[in-house]
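Visitor: Once you've had a glance at the structure underneath, I'll fire off some questions.
The values are calculated or read from the model by the stated rules, or taken from the named source; none is laboratory data. Computed from a predicted structure; not experimentally measured. Reconstructed Cβ throughout: ideal geometry from the backbone, glycine too, with neighbour counts over all protein chains shown.
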Amino acid sequence: MTRNETIARLATEARPYFPRLIAGTLLGTLSGLLAIVPPWAFGQIVNRVLAPAHGTAPVIGVLYTSLGVTFVALTLQNLTQYFQTYLIVFSGQRLISGWRIALFERVLNLPLGEFDKWRPGELIARFNSDLQIMTDTTSTSLPQLITAVVTFIGSFAYMIKLDWFLTLTLVVVAPIVSLAVSNFQKLISASAARTQERIGSLSSTLVEILHGQRIVKAFGRESYEIERFRRRNDDYFGAYMKLIQFINTQPLVVSTIMVTAVIVIVWLSAREVLVGRLTTGDVFTYWLLLVNLVNPLNRVASFVGDLSKAVISSGRVFEVLDLPREESDESKAPLPSIEGAIAFDDVTFAYAADEPPALSHVSASIRAGEIVALVGPSGAGKTTIVNLVPRFYVPQSGAVRIDGIDLATVRLADVRRHIAIVPQDPQLFRTSILENIRYGRLEASDEEVYAAAREANADEFVRQFPDGYATEVGERGARLSGGERQRISIARAILRDPRILILDEATSALDSHSEVLIEQALDRLLPGRTTLIIAHRLSTIRRANTILYIEGGRVLEFGTHDELLARNGPYARLHAAQFAG
């Protein structure tokens, strides 16, 4: 998305807030114009009180009137700035708040294939760094920019009225200032984009290290990871300092040009007084207006830099908001209550168009209530097959059917309502044990949660905690052991009461005691449900009614454990290599 396209979209997104933004702009305009009153008032004081024209007596009333007008003007200026800032910040923050929710909603509704292309840290950078830049800009830079621009224009117009010839000096300087600002904006925009990329990379590295803390310690890679993080941090530091250099150099260059012009103007204006073309009060007013002119110009250059950064950040936010989402299928047919028969009808699937198929012409039929183990070497396509059932992915050809109904023709939410997943690595949320189990069915009562925990052999260890079911499990369930996390995950699946269960071997990498408890829980969970098990252990394979042997994205054999062993084919060879003894 180009810069102009981003700005146009920002205007479209901000349309609901136009009334407040217009009101804030009008207040900012009034605030900017009120800044011209003090120079005028002090000019009156000099001309009519301190240095009246020859033969004219000082008018003391002008002093009081001018001071009163100045007080009222400055008070009104503060009030208008307050309400202007509130209206603009309110509008900006409401817009950004909506984007924050939209970003979260879009990330949750990304197809898994699209989600897998992004590193978590890059998405986090969109939420944190990019939205924060936009927040800072709407809170400070945008309101002050409006007032500064109006003050600049108003002061310039008044200066032309006082002495148009003298003011032409500034007109000569204007193209030079414009060229400098334009060139710096190009540098700032490119540098801001690089900086946001670097912070995304830094955030991704941090998230990866935090999630892999145990592996880092196990392999003694603390020094390696610190050095890797330091390199990412140095990259970000270098990019950020280059950005700051451009942002701060821009007002410095503009200020130098303007200071040169101011010196020339002060010299010329002093000559105007000496030759009688300006009064002392007029030149005093002119100099105060000149201050009004230079200060906003320097600030405008800085504010424009902030706005450029905000536009870059907006484009990065829009990049995520424009990502595809899982198919909207409210118009599709509802999926009624099901028995749970599953069929793969000549299914071919590839994760990307330029990659070889992960599944090629897979056909298999699974009866309702049947327990099926998917067996095969690593990378054979087992996980891909089970991911097609809840429609995490959609096959490029063929169909996946439940009770004879093509999943592509029914509502996605209805499909997943009948499915539960127990992953090999249980995913728990940083909340209580009760709420982690209730995640399977949010409307479940506490008693139903307790019953599910008892069936999963989790109730006993849960009640040993001082807070019982109110115990916080910590980040990703860190306060629980692997076996305890797995039993909570099984309790969640039991509470959901699904017709179809997907099970990534729940007992792998557990101690024997936990394995026995989980095997007992599975014995209560599996009967009557269609179950797909990615099998790693002999005990799980023997529990299955049918075994699908998968290799190279194809189903090469299917049958019972004994039948496949008797055939002495690929399954028997894998069994001999992996499960003998």
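Visitor: Given the options Y64, Y82, name the one that is free of Cβ contacts under 8 Å to residues at least 24 places away in the same chain and within 30 Å of G281 (Cβ to Cβ). Steps first, answer last, please.
Guide: Values: Y82 fails: within 30 Å of G281 (Cβ to Cβ).
Unique residue meeting the criteria: Y64.
Visitor: Run P390 past the list (1) surrounded by fewer than 18 Cβ atoms within 10 Å (Cβ to Cβ); (2) under 23 Å from L526 (Cα atoms) and report the number of the one that doesn't hold.
Guide: Condition not satisfied by P390: (1).
Visitor: Based on this model, can you work out whether R9 counts as in the same structural domain as L288 (by TED's automatic domain parsing), surrounded by fewer than 17 Cβ atoms within 10 Å (Cβ to Cβ), basic (K, R) and in a helix (DSSP H, G or I)?
Guide: Answer is yes for this residue.
Visitor: Which of the residues that make up the range 332-349 are crowded, with 18+ Cβ neighbours inside 10 Å, hydrophobic (A, V, I, L, M, F, W, C) and modelled with pLDDT under 90?
Guide: L335, I338
Visitor: All but one of (1) more than 38 Å from the chain's Cα centre (by Cα); (2) at pLDDT below 85; (3) of a type outside the set (G, A, S) hold for D354, so report the exception by its number.
Guide: (1)
Visitor: Continuing with this model, one more query. Looking only at helices (runs of 4 or more DSSP H) that fall completely inside the range 370-463, which ones have 2 or more residues that are outside the structural domain of G477 (by TED's automatic domain parsing)?
Guide: Passing ranges, in order: 382-388, 412-417.
Visitor: Could I ask something else about it? Yes or no: the range 77-88 includes at least one residue that is of a type outside the set (K, R), closer than 30 Å to R391 by Cα and modelled with pLDDT of 85 or more.
Guide: Taking every residue of the range 77-88 in turn, none turns out to be of a type outside the set (K, R), closer than 30 Å to R391 by Cα and modelled with pLDDT of 85 or more.
Visitor: Hey, another quick one. Does the range 523-536 hold any residues that are buried (at least 24 other Cβ atoms within 10 Å of the Cβ) and part of a helix (DSSP H, G or I), and which are they?
Guide: Of everything in the range 523-536, just one residue is buried (at least 24 other Cβ atoms within 10 Å of the Cβ) and part of a helix (DSSP H, G or I), namely L525.
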